[in-house]
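Okay, so here's the structure we're looking at.
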Amino acid sequence: MSVSSIGSAASSIDFSELRKKMADRMAEKMLKDLDTDGDGAISKSELAKASQSAASSSSSTTSTDGTDSSSLDDLFKAMDTDGDGSVSKSELAAFMEKAGPPQGRPQGAPPAGGPPPGPPPGMGSADATASSKATSSTSSTSGTSSTSSASSSSTSTDPMDANGDGTVTTEERMAFAYQQLMAALKRLGDAASESGNASTISVTS
């Protein structure tokens, strides 16, 4: 197989199809989390219930997304494209596809994998190695006490587990889905304002 044929095969990947599949999966999961009456669609009252769950789960943060009724109205209007008073799975998938994937990681999500952070500022690699050896010798001498304390303080890494108790409740699932929808609405608004700024710049220049 030649290099050019590999390149042409790679360029033929349909990223819009991949984006659509991801949006469909997200819509299916969100519908499952938000459709409390099981009718296959999200009503405004179900979205309001999720909004209240988001407000109560984020009471320790400064976010007000869960309590702002105008944001709730804007979100529902953006998703309910046919205006029938409920959001179907296809409307939800179309909304998520249009908004695109999240940039960065969602609030409360664990950091993505990658290399460990480097040494603190002002510490060279030799200092870092010596510090690492000192830490490992200290932890090996403390033995079982460090092991038992580590196991007793394990925390949940599930981004939906807002209180970190290791159990994701229905309310936490609803809150997480609502926060994802609000983030998608914000991405749509940001994209619209960026395109508006771009057109202003091109007209004035």
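Listed by chain and number, the lysines whose C-alpha is less than 23 Å from the C-alpha of K89, apart from same-chain residues fewer than 8 away, are K20, K21, K29, K32, K44, K49, K77, K98, K186. Ranking of L92, L181, L47 by neighbouring Cβ atoms within 10 Å, starting from the fewest: L47, L92, L181. In this rough spin-label picture, where each label sits 7 Å from Cα along the Cβ direction, the A191-D37 distance is 3.1 nm. Distances between placed amide hydrogens fall under 5 Å for S43 paired with V87, all partners being 5 or more residues away or on another chain.
Computed from backbone phi, the HN-Hα couplings of region 73-79 come to 4, 4, 5, 5, 5, 5, 8 Hz, rounded to whole numbers (Karplus: 6.51 cos²θ - 1.76 cosθ + 1.60, θ = phi - 60°; Gly and Pro given as x).
In this simple spin-label approximation, K29 and K77 carry label points 7 Å from Cα along the Cα→Cβ vector, and these lie 3.0 nm apart.
Every number here is computed from the coordinates shown, using simple stated rules; none is lab data. It should be emphasised that the depicted structure is a prediction, and the values quoted were computed from it without experimental measurement. Heads up, the Cβs are rebuilt from the backbone with ideal geometry, glycines too, and the neighbour counts pull from every protein chain shown.
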